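In what follows, a structure is listed as structure tokens, so that the remarks can point back to it.
The values are calculated or read from the model by the stated rules, or taken from the named source; none is laboratory data. All of these numbers come straight from a predicted model, not from anything done at the bench. Counting neighbours? That spans all protein chains shown, and the Cβs are built from the backbone with ideal geometry, glycine included.
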Amino acid sequence: MAVLEIEHLSVELGIQGAWIPALHEVSLTIERGEVLGLVGESGSGKSLTALSIAGLLPANARVAKGSVRLMGEEVLGKTDRELNRLRKRSVAMIFQNPTSYLNPVLTIGDQLTELFELSKRDAWRRSIEALRLVRIPDPERVVSRYPFELSGGMQQRVVIAMALVRQPHLVIADEITTALDVTVQAQILSLLAELRRTIGMTLLLITHDMGIVAQLADRVAVMYSGSVVEVAGVRTIFEEPKHPYSRALLETVPTITSERAVFRPIPGAMPALTDPPSGCRFHPRCAEVFEPCAKTRPEPTSLTSGHRVACHRYARG
């Protein structure tokens, strides 16, 4: 059984008195022990997809159609109480800014022990074990510290520990290294790789950084303007990307030549939800646009096992 199955998920946002499509026919799966990288520019729909999985859509959002199943159990349509119960055992989220997630007036230990349905003594012991799991030095001391006494990297490790204490089936990491410097970022990525090996963590890794994807992911789903435009194994995406947007994303990664770093930005900007282009949403920025692109939205086409692309060039063979 897949840990996560999303089928034809469409979500609308209430903007200026109207319901505007924000996610369109999103379909994804994640198997046990797998790392799926969900990539795309800001505004592509990555975080909204994550919130849909966890049943945390904002008040101005509604599901228009589709299904989200965690360990075979449908997420959509549950009551708040049912969602809280599901989140406790099935899914945990790690957010970008640990400072806004941690309570500044409670010690790290106080915040961790709240997550255990145990006696105070046993919960404190388990909290220390959780900090040791994420490689925090001297956890017996750190457990009594306040968040402001820890570095950004240590705070992020604490948040990761909090996400793992209930041993969730799926962990969603949403841009968790963005606010960290390069050295600390590398340490956090190394920690995630280690946790995957040691506890079999299943991870949805949301990022705009293709280097992080190359380091951690097994498969990659590329999103653009609310749609998944390509899904493939990580090696396939880097060596044989098919969708023009996937190739454009890879070209934004600086490459070092003998003289200088080369950086190729994608021309134009992500379309506004309130004024999307007709046809393929990427066609105004695409270097390979041709006659049908502006007229109809392309449907996903399977090229090989596990490789799916939504592009008119492949729909025509």
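Could you tell me whether LEU112 is assigned to a helix (DSSP H, G or I) and touching a residue at least 24 places away in the same chain (Cβ under 8 Å)? First the steps, then the outcome.
Details: assigned to a helix (DSSP H, G or I): yes; touching a residue at least 24 places away in the same chain (Cβ under 8 Å): yes.
Judged against the criteria, LEU112 is a match.
Condition first: of a type outside the set (A, V, I, L, M), farther than 30 Å from GLN187 by Cα and more than 23 Å from the chain's Cα centre (by Cα). Can you find one or more residues in region 220-231 that meet it? Walk me through how you get there before you give the answer.
Initial filter on region 220-231 (of a type outside the set (A, V, I, L, M)): 224-227, 230.
When the remaining residues are screened for being farther than 30 Å from GLN187 by Cα, the result is 225-227.
Narrowing further to those that are more than 23 Å from the chain's Cα centre (by Cα): none.
The answer is no, given that none of the residues of region 220-231 is of a type outside the set (A, V, I, L, M), farther than 30 Å from GLN187 by Cα and more than 23 Å from the chain's Cα centre (by Cα).
Would you tally the residues in region 278-296 being in a loop (DSSP other than H, G, I, E, B) and either hydrophobic (A, V, I, L, M, F, W, C) or surrounded by fewer than 15 Cβ atoms within 10 Å (Cβ to Cβ) (or both)? Walk me through how you get there before you give the answer.
Within region 278-296, the first condition is being in a loop (DSSP other than H, G, I, E, B), and the residues that meet it are 278-282, 286-290, 295-296.
Applying the additional criterion that residues be either hydrophobic (A, V, I, L, M, F, W, C) or surrounded by fewer than 15 Cβ atoms within 10 Å (Cβ to Cβ) (or both) yields 278, 280, 282, 286-290, 295-296.
Counting residues in region 278-296 that are in a loop (DSSP other than H, G, I, E, B) and either hydrophobic (A, V, I, L, M, F, W, C) or surrounded by fewer than 15 Cβ atoms within 10 Å (Cβ to Cβ) (or both) gives 10.
Of everything listed in (1) touching a residue at least 40 places away in the same chain (Cβ under 8 Å); (2) assigned to a loop (DSSP other than H, G, I, E, B); (3) surrounded by 17 or more Cβ atoms within 10 Å (Cβ to Cβ), the single unmet condition for ASN103 is (3).
Among strands (runs of 3 or more DSSP E) entirely within region 1-42, having at least 1 residues that are of a type in the set (Ser, Thr, Tyr) and over 28 Å from VAL253 (Cα atoms) singles out 4-15.
For region 250-276, taking the residues that are under 23 Å from GLY226 (Cα atoms) and of a type in the set (Ser, Thr, Tyr), the one that is modelled with the lowest pLDDT is identified as THR252.
I need the full set of residues from region 300-310 which are assigned to a loop (DSSP other than H, G, I, E, B) and within 12 Å of VAL228 (Cβ to Cβ), in order please. Step through it out loud before you land on a result.
Step one: filter region 300-310 for residues assigned to a loop (DSSP other than H, G, I, E, B), giving 300, 305-306, 310.
Result: PRO300, ALA310.
Checked against the criterion of being modelled with pLDDT of 90 or more and closer than 25 Å to LEU203 by Cβ, the candidates ALA92, ALA123 yield just one match: ALA92.
If you go through region 211-245 and keep only what is under 21 Å from PHE95 (Cβ atoms) and of a type outside the set (Gly, Ala, Ser), you end up with ILE212, VAL213, GLN215, LEU216, MET223. Would you confirm, using the coordinates I've provided, whether SER67 is surrounded by fewer than 18 Cβ atoms within 10 Å (Cβ to Cβ), over 24 Å from ALA272 (Cα atoms) and not acidic (Asp, Glu)? Spelling it out, SER67 is indeed surrounded by fewer than 18 Cβ atoms within 10 Å (Cβ to Cβ), over 24 Å from ALA272 (Cα atoms) and not acidic (Asp, Glu).
Restricting to region 177-186, give me the number of residues that are over 19 Å from the mean Cα position of the chain (by Cα) and either loosely packed, with under 15 Cβ neighbours inside 10 Å or farther than 15 Å from ILE136 by Cβ (or both).
Looking only at region 177-186, we keep the residues that are over 19 Å from the mean Cα position of the chain (by Cα), and these are 181-184.
Filter once more, keeping what is either loosely packed, with under 15 Cβ neighbours inside 10 Å or farther than 15 Å from ILE136 by Cβ (or both): 181-183.
The qualifying residues number 3.
The set of residues in region 28-55 that are among the polar types (S, T, N, Q) and either closer than 19 Å to ARG87 by Cβ or more than 14 Å from the chain's Cα centre (by Cα) (or both) comprises SER47, THR49, SER52.
Within region 144-155, identify whether any single residue is under 18 Å from the mean Cα position of the chain (by Cα) and surrounded by 15 or more Cβ atoms within 10 Å (Cβ to Cβ), and answer yes or no. Break it down into steps so the answer makes sense when it comes.
Applying the first criterion (under 18 Å from the mean Cα position of the chain (by Cα)) to region 144-155 yields none.
No; the residues of region 144-155 include none that is under 18 Å from the mean Cα position of the chain (by Cα) and surrounded by 15 or more Cβ atoms within 10 Å (Cβ to Cβ).
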